[in-house]
Amino acid sequence: MQTHFPQCAIHENIQLLRWQKLLVNVAINPISARENVDNGVLRQPFFASEILGLLNEAVWIANQNGVTISLSDALELAYQVMQQTAQNRSSMRQDIHLKRETEIDAICGFICRQAQQKGKQTPFNARLLTQIQKKSA
């Protein structure tokens, strides 16, 4: 299979991969959509505390759901994707530009609902959920 699909890999833990994808989306999509910037712009220090807050909340939820991932690993992965896709426009940014429904409820909304079920608040994700809902209305 590697011969025909060199980037293909087999992973034992699909749940971890799903959470890693969600964490990257939490860190990139809503901020890039709100600010109307390419993914690479989010590497600027100005956005660091917000990205840290978003991922801290999301990693806590992942861990509560039995998926072991550290905040430092989530941050490293998000910043790698920002670097690799520096010139890209996130899907959420494109959705807002094209006046399509965004996936904000499936990203930040999911984190907020999961936290609420556990009696926790997620102010960073909740704030972006509201901001993007207003922006796309």
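The values are calculated or read from the model by the stated rules, or taken from the named source; none is laboratory data. As the structure is a computational prediction, the values presented were derived from the model and not from experiment. When we count neighbours, we look across all protein chains shown, and the Cβ atoms used for this are built from the backbone with ideal geometry, even at glycine. In case anyone asks, the SASA skips ligands and DNA or RNA and just uses the protein heavy atoms, side chains included. Shrake-Rupley method; radii C 1.70, N 1.55, O 1.52, S 1.80 Å.
Extending 7 Å from Cα along the Cβ direction at Asn63 and again at Arg113 yields two label points whose distance is 2.4 nm. In segment 32-137, a dipole from Cβ-located charges (positive for Lys and Arg, negative for Asp and Glu) runs towards its positive end, and of Ser91, Pro45, Gly109 it is Gly109 whose Cα lies farthest in that direction.
So, with +1 on the Cβ of K and R and -1 on the Cβ of D and E, and no other charges, what is the size of the charge dipole of the chain about its Cα centre, to the nearest 20 debye? Numbers along the way, then the final one.
Working: 14 positive and 11 negative charges, 84 e Å.
The dipole of the chain has a size of about 400 debye.
The residues Leu98, Leu16, Leu54, sorted by heavy-atom accessible surface at 1.4 Å with ligands and nucleic acids left out, run Leu98, Leu16, Leu54 from largest to smallest.
For the chain, rounded, prolate or oblate, judged on the Cα gyration tensor with a ≥ b ≥ c (square roots of eigenvalues), a/c < 1.5 rounded, else prolate if a/b > b/c? Oblate shape, in that a/c is at least 1.5 and b/c is the bigger or equal ratio. Could you work out how far apart the two model spin labels at Asp38 and Gln133 are, taking each label as a point 7 Å from the Cα in the direction of the beta carbon, and quote it in nm? With each label point 7 Å from Cα toward Cβ, the separation is 3.3 nm. Using C-alpha pairs under 8 Å with a sequence gap of at least 6, the mean separation divided by the residue count of the chain gives a relative contact order of 31 percent.
If you roll a 1.4 Å probe over the chain with all protein chains in place, what percent of the accessible area is carbon or sulfur?
Values: 4130 of 8150 Å².
Using a 1.4 Å probe with all protein chains present, the chain comes out at 51 percent carbon and sulfur.
Solvent exposure of the chain, expressed per residue, is 60 Å² of accessible area, with all protein chains present and a 1.4 angstrom probe. Between rounded, prolate and oblate, where does segment 56-104 land on the alpha carbon gyration tensor, with a ≥ b ≥ c its root eigenvalues, rounded for a/c under 1.5, else prolate if a/b exceeds b/c? Oblate, since a/c reaches 1.5 and b/c is not below a/b.
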